[in-house]
Structures are given as C-alpha cells and as structure tokens.
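Bear in mind these aren't lab numbers, they're just calculated from the coordinates by the rules spelled out. Please read these numbers as outputs of a predicted model, since none were measured by experiment. Neighbour counts are summed over all protein chains in view; Cβ atoms, including those assigned to glycine, are modelled from backbone coordinates with ideal geometry.
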C-alpha cells in the first residue's frame, strides 16, 4: 500500500513540474485574443493560455491538445445553465485558477462544469465550482491530480427537504468512472448529491478533503479496489461514506461526524473484503460503522464517541478483527442480528465496562459483552428505543449479562482495556 502511494505521488509530481512552451494571453481588451476558444485554436502542444479576469460565456470549450490553461484574477467561465463548460480530450492538460458556474443540466447526458474523457496526466487545481450539475467528471482517465478546488453545488439539504426535492435532481461534486492512479487532494465539496463518487476506480488516493452537507454521501465508491483514503472529514451529509463491492481498501485518519438521520451512518461497509480501517474518529453519528457482508477486515485503533450505535455488524460479516478501539459514551456499542460471533473483539476500551483489574496489568479481569439486551430489542423492534435509559431496561441488561440467553454468548472482549487506548 505504501509503495502504491509513493508511485502515485511520483507520477503527479513529475506531471506538475513539466515545462511548458509559449504563453498566450486572453482578456477583454489589450490582448491578442479575446476568446479562450480562439487562443486554444492558435496554441501549440505545450503552450500556456493565460486568461485574465472577466466573465467568459463561450458555450462548450473543448481542449484537444496538451496545453496549460491558467486563470489570472479568477476569471469566470459561465455555462449559462446550458453547456458543459470545458471538455478535455487530450493528455497532459492542466487547468488552474478559474471559477466555473452554471453548467448545463441533463438527465440523459452527464453534463459537467469540467469533464476529462479518455485522457492521461491531467491536473485540475485551485479552481472554484459554484452551482453546477456535475462539477468535476473524469471518465476512463489515468494519472490525474484533482487538488485544492472549492466545489459548492446547488443542493442545499435543508431547503430541499422542506420542498420535497429528491437527490436525483443533482449530480456529484467529484465523479470518477473507470479511472486509475488518480489523486483527489485537499478539496472542499458541499451541496452536491455525493461529494466524491468512485465507480470502477483502482489504485487511487483521496487525501485531506472536506466533504460536508451533501444530499446523499460525503464519499461513495463501488467496485473500486486497492484505493487509499487518508485524513478526510465527512460531516453533516445524508450519510457519511459508503464503501460497496470492493476489496483491499485502506481508510486511515478520517473523521466521520454529525451524520444524523433515520438510516444514516458514518461508514457503510457493504460486500467488502481484505481491508483496513484504522485511526479514524466516529463522532455523533446515528451509526458509526454499519457492516454488511464485510470479510477479513481489520478495524484497529479507532475512536467511537457519542454515536447512537457505534458498530452494527450483521451475521454475514465474518473473520474481522476489532482491536484496540475506544468505545466512549455510545448509546449502543455493538449490535448484531446473529446469535453467533464469527468475528474477534480484542483489547478494546469500553467506557461502560464495570469490571476490575486486580493484577493491575491494564486488562480487565472479566470479559466485556458489548451487545446489550436492549440493543437486541431496538434492532428487532425499533419502537422500543423510547425506553432508553429507563430503570427497567437497566435490570433487563443486568440479567442478560449474568445469564446470557438472547445475545450471542461468544460475542465478548476477553481482554477489555481499563484505560483508553492511545494510538
């Protein structure tokens, strides 16, 4: 995994540091060119087209040769609600320093503010995208960098909910389809359907992004193997992150917070194998991690703090290791729909552990059972949640912990930590 990351960084660095040819200037007056399309038609391979501040309404600008397009003083490219603003159909294209707004909208074509198709080594950097259908869309593209862009869509969650408008009327912030060796770094994405969307994307990295207030998911990826997600923040989304039908995913150092709703989670794992989830923080989500058919995955050294359900893990999730995590003040630590335990819980910290440590080795002397009887009832009878915190529920849980009958007898942490695990 580390070798993959080093390779990708090398590719992107080499791309960014490449040299360019002549410079062509575009502006309203005083420049050789007043039109971006005209300047591109004169540009040769390797040239740089510098567009000065102003508003440009040129319909669909198609780039078919390797050039650098640079905005000076934040020029605005306005799609007028009709057009795909820029379409890239060449290798080695860099686009930097523009404001994209008001792209066209279509339910038949995936119209974007900026689309890159069947190209290599593109750089999309330091741009702003406002009120577009799709913002950045990459299809069948390799070795590209999407970095330090601000992307804000038209989908304001609260207002749309009041009007009854659904998520299908909006596109995604950063959308990748059939891509490889892509780096998505340090972008801000909000008010789209999905903040970041990967489908059939391999060997790519998502690092340091903030994805918030999106209608559906902060990050959504399907059939996308061997990808790395590091130090991102996903908050106030319809749901945090959905990882589906994927293998060998590495998720580290991310923050999942304030993803609230009746069917909302920080992280959904659906049909996932051989992956790693470590050093993440799950704070105040309806469900921290929802695991459905997750196999041979390591959930290590994460913080689950003040979630409704810290971990929902279904019976078809097997051979996973849950180790050195901190479960702090969650309403329910673990919920399952099985009477068996096909996973291993080992040396986690549980803030409601009532055991003792007579030999002072930092390990509780009696096992901890993270599934409560009340948690079992709420999973099968959701309306019973109204009894939460009642004395009757406390008695039921106490009896069940002493004489297990309904909750899985083997689902326990044999070595619970007495103090929070420091990672």
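Please give the length that would be gained between residue 140 and residue 263 if that part of the chain were fully extended, namely 0.36 nm times their separation in residues minus their C-alpha to C-alpha distance (nm, one decimal). Display every interim value, and only then the final one.
Working: separation 123, 0.36 × 123 = 44.28 nm, distance 3.30 nm.
Extra length from residue 140 to residue 263 when fully extended: 41.0 nm.
Of 250, 175, how do they rank once you tally other Cβ atoms within 10 Å and put the fewest first?
Working: 250 19, 175 24.
So the residues, fewest neighbours to most, are 250, 175.
Pulled fully out, how much extra length does the chain show between residue 96 and residue 231, if you take 0.36 nm times their separation in residues and subtract their Cα-Cα distance?
Values: separation 135, 0.36 × 135 = 48.60 nm, distance 2.39 nm.
Full extension of this stretch gives 46.2 nm more.
Could you line up 360, 296, 180 from fewest to most neighbouring Cβ atoms inside 10 Å?
Numbers: 360 7, 296 13, 180 19.
Sorted ascending by nearby Cβ count, the order is 360, 296, 180.
Would you mind calculating the gained length between residue 247 and residue 337 on full extension (0.36 nm times residue separation, minus the Cα-Cα distance), in nm to one decimal?
30.0 nm
Label the range 177-216 by shape, choosing from rounded, prolate and oblate, from the square roots a ≥ b ≥ c of the eigenvalues of the Cα gyration tensor; if a/c is under 1.5 it is rounded, and otherwise prolate applies when a/b is larger than b/c, oblate when it is not.
Values: a/c = 3.65, a/b = 1.50, b/c = 2.43.
Oblate, because a/c is 1.5 or more while a/b does not exceed b/c.
Just to verify a number: FRET efficiency for residue 25 and residue 200, C-beta to C-beta distance, R0 = 51 Å, to 0.05?
That gives a FRET efficiency of 0.80.
Can you work out the FRET efficiency for the pair residue 48 and residue 296, with r the C-beta to C-beta distance and R0 = 56 Å, to the nearest 0.05? Mind showing how you got there, number by number?
Numbers: r = 49 Å, r/R0 = 0.87.
Efficiency, from the Cβ-Cβ distance: 0.70.
If you find the alpha carbon centre of the range 312-360 and of the range 194-237, how far apart are they in angstrom?
Comparing the Cα centres of the range 312-360 and the range 194-237, I get a distance of 27 Å.
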